[in-house]
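Chemist: I'd like to ask you about the structure that follows.
The values are calculated or read from the model by the stated rules, or taken from the named source; none is laboratory data. What you see is a predicted model; the values in this text were computed from it and never measured. When we count neighbours, we look across all protein chains shown, and the Cβ atoms used for this are built from the backbone with ideal geometry, even at glycine.
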Amino acid sequence: MNLKFFLFIFCTMVFQSLMAQTPADDFLPLYPEGKIPNAKDTHAESIQETSELGSDGIERISGVRIPTMRYYPAEKQKSTGSAIIICPGGGYSILAISHEGHDVAKKFAENGIAAFVLKYRLPNDLTMEDKSIGPLQDVQQALKVIRENASAYAIDPEKLGVIGFSAGGHLASSAGTHYSDPKIENLKGTSLRPNFMLLIYPVISMDTAVTHGGSRKNLLGENPDKSLASYFSSAKHITTNTPPTLLVHAADDTAVPIANSIDFYENLQKEKVPSKLIRYPQGGHGFGLHNKTTDDQWFDHALAWLHQLGY
């Protein structure tokens, strides 16, 4: 065997082993080579990542400019071979990383699905050449890295999905509708298509009539070009190949109107994409795993739905 080839294989195996053994309390670099695409260095020091624990017990992270992900391995006895990337919400301004991130990851891991909490970059003209694509680059990179290291994580690369909450739901839906338009370098041609999507009270449209104003402004700017707003209105890009999708939304959500989920669901149905919409009469916005207005648990429905699909 060629010595250089042997060394390459050995180093790859060591890297994969380290990735697989990384404890859940450590964040993994999303771009192991260290070069973050679309990043500006000129104002890097002026934007500092901070974490605050609110009186509601929610950890909120701001100023994210170095993307990472935290790995939660599935319980071995229950492992299905499936995995999911979690995109917390926060209006593309902060990441509500506890109740829409780590709490969700633990729940999936307990039920045999490996989870990766994605700490994606928050759009900022000071840290990005094009802030509109920064978060999408990061979720595409997560899909690529996890698939290319699937054996190290003991998962099936064809059982990798995404879940997103609020603005994180917009990011997840963008991953599921723009997978054929890579925003990252992908020399191996690794599939960037999620196998399934869970969208929880998601921002879907960038139409001012129904969007979440803060998410739209933070991602696209004050007065985005119509074509850009259309590109990031996910329901407009559904095809027969859009991943199977489950949506959860409350009818009384005043932050992100349920019309976002209804539009996405109806377009999925038109294209005959396996899909389900769970509508709650009440619950508002940002309830995470537990809608306190009901004993019904959307997570249980999601697990059953994933099981039916073979995940």
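A quick yes/no check of all residues on (1) at pLDDT 95 or above; (2) touching a helix residue (DSSP H, G or I) at 6+ places or on another chain (Cβ under 7 Å); (3) surrounded by 15 or more Cβ atoms within 10 Å (Cβ to Cβ):
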| site | (1), (2), (3) |
| --- | --- |
| Thr190 | yes, yes, yes |
| Phe196 | yes, yes, yes |
| Leu199 | yes, yes, yes |
| Arg216 | yes, no, yes |
| Leu219 | yes, no, yes |
| Asn223 | no, no, no |
| Ala229 | yes, yes, yes |
| Phe232 | yes, yes, yes |
| Asn241 | yes, no, no |
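Chemist: Suppose we filter the stretch 61-86 for residues that are surrounded by fewer than 22 Cβ atoms within 10 Å (Cβ to Cβ) and either of a type in the set (Val, Ile, Thr) or under 22 Å from Ser215 (Cα atoms) (or both); how many remain?
Modeler: Residues in the stretch 61-86 being surrounded by fewer than 22 Cβ atoms within 10 Å (Cβ to Cβ) and either of a type in the set (Val, Ile, Thr) or under 22 Å from Ser215 (Cα atoms) (or both): 7 in total.
Chemist: From the set of residues in the stretch 151-172 that are among the hydroxyl-bearing types (Ser, Thr, Tyr) and assigned to a helix (DSSP H, G or I), which is surrounded by the most Cβ atoms within 10 Å (Cβ to Cβ)? Walk me through it before giving the result.
Modeler: Within the stretch 151-172, the subset among the hydroxyl-bearing types (Ser, Thr, Tyr) is 151, 153, 166.
If we keep only those that are assigned to a helix (DSSP H, G or I) as well, we get 151, 153.
Numbers: Ser151: 12, Tyr153: 22.
Checked the stretch 151-172; the qualifying residue surrounded by the most Cβ atoms within 10 Å (Cβ to Cβ) is Tyr153.
Chemist: Every residue in the stretch 266-289 that is more than 16 Å from Leu309 (Cβ to Cβ) and within 19 Å of the chain's Cα centre (by Cα), please.
Modeler: Those that are more than 16 Å from Leu309 (Cβ to Cβ) and within 19 Å of the chain's Cα centre (by Cα): His285, Gly286, Phe287, Gly288, Leu289.
Chemist: Could you tell me whether any residue of the stretch 67-84 is under 21 Å from Asp125 (Cα atoms), not polar (S, T, N, Q) and not in a strand (DSSP E or B)? Show your work before the answer.
Modeler: Start the filter on the stretch 67-84 by keeping residues that are under 21 Å from Asp125 (Cα atoms), which leaves 67-68.
After this cut, where a residue has to be not polar (S, T, N, Q) as well, the list is 67.
Filter once more, keeping what is not in a strand (DSSP E or B): 67.
Yes - at least one qualifying residue is present in the stretch 67-84.
Chemist: Residues Gly81, Gly134: which one is on the phi > 0 side of the Ramachandran plot, of a type outside the set (D, E, K, R) and more than 12 Å from the chain's Cα centre (by Cα)?
Modeler: Numbers: Gly134 fails: on the phi > 0 side of the Ramachandran plot.
The match here is Gly81.
Chemist: Quick test of your reading of the structure: Arg216 fulfils all but one of (1) in contact (Cβ under 8 Å) with a residue 24 or more places away in the chain; (2) more than 22 Å from Tyr311 (Cα to Cα); (3) not in a loop (DSSP other than H, G, I, E, B). Name the failing condition by number.
Modeler: (1)
Chemist: While we're looking at this one, here's another question. For Val139, only one of the following conditions fails: (1) hydrophobic (A, V, I, L, M, F, W, C); (2) part of a helix (DSSP H, G or I); (3) over 21 Å from Gly91 (Cα atoms). What is its number?
Modeler: Result: Val139 fails condition (3) only.
Chemist: Here are some residues: Ser180, Ser205. Which one is part of a loop (DSSP other than H, G, I, E, B), small (Gly, Ala, Ser), closer than 22 Å to Ala150 by Cβ and over 12 Å from the mean Cα position of the chain (by Cα)? Can you show your working first?
Modeler: Details: Ser205 fails: closer than 22 Å to Ala150 by Cβ.
Sole residue among the options that is part of a loop (DSSP other than H, G, I, E, B), small (Gly, Ala, Ser), closer than 22 Å to Ala150 by Cβ and over 12 Å from the mean Cα position of the chain (by Cα): Ser180.
Chemist: Mind checking whether some residue in the stretch 231-242 is closer than 16 Å to Ile262 by Cβ, assigned to a loop (DSSP other than H, G, I, E, B) and among the hydrophobic types (A, V, I, L, M, F, W, C)?
Modeler: yes
Chemist: Quick check on my filter: what residues within the stretch 166-221 are closer than 12 Å to Phe232 by Cα and polar (S, T, N, Q)?
Modeler: Ser173, Ser174, Thr177, Ser205, Thr211, Ser215
Chemist: Shifting gears a bit: Pick out the one residue from Ala167, Ala175 that is in contact with a Phe, Trp or Tyr (Cβ under 6 Å, 6 or more places away or on another chain) and closer than 22 Å to Tyr71 by Cα. So that I can check it myself, show each step before the final result.
Modeler: Working: Ala175 fails: in contact with a Phe, Trp or Tyr (Cβ under 6 Å, 6 or more places away or on another chain).
Among Ala167, Ala175, only Ala167 is in contact with a Phe, Trp or Tyr (Cβ under 6 Å, 6 or more places away or on another chain) and closer than 22 Å to Tyr71 by Cα.
Chemist: Could you grab me the full set of residues in the stretch 261-295 that are among the hydroxyl-bearing types (Ser, Thr, Tyr) and in a loop (DSSP other than H, G, I, E, B)?
Modeler: From the stretch 261-295, those among the hydroxyl-bearing types (Ser, Thr, Tyr) are 261, 265, 275, 280, 293-294; that's our starting set.
Residues satisfying the conditions are Thr293, Thr294.
Chemist: Give just the number: which of (1) touching a strand residue (DSSP E or B) at 6+ places or on another chain (Cβ under 9 Å); (2) within 13 Å of His170 (Cα to Cα) does Ala229 not satisfy?
Modeler: Going through the list (1) touching a strand residue (DSSP E or B) at 6+ places or on another chain (Cβ under 9 Å); (2) within 13 Å of His170 (Cα to Cα), Ala229 breaks only (1).
Chemist: For the stretch 243-260, which residues satisfy the criterion of being assigned to a helix (DSSP H, G or I) and surrounded by 23 or more Cβ atoms within 10 Å (Cβ to Cβ)?
Modeler: Result: Asn260, single match.
Chemist: Here is a follow-up. Among the residues that make up the stretch 45-60, is at least one of them part of a loop (DSSP other than H, G, I, E, B), surrounded by 13 or more Cβ atoms within 10 Å (Cβ to Cβ), touching a residue at least 40 places away in the same chain (Cβ under 8 Å) and among the aliphatic types (A, V, I, L, M)?
Modeler: yes
Results for (1) out of contact with any His (no Cβ under 7 Å at 6 or more places or on another chain); (2) touching a residue at least 40 places away in the same chain (Cβ under 8 Å); (3) crowded, with 21+ Cβ neighbours inside 10 Å, shown as yes or no for each residue.
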residue	(1), (2), (3)
Pro88	yes, yes, yes
Gly112	yes, no, no
Asn124	yes, yes, no
Glu129	yes, yes, no
Gly134	yes, yes, yes
Asn149	yes, yes, no
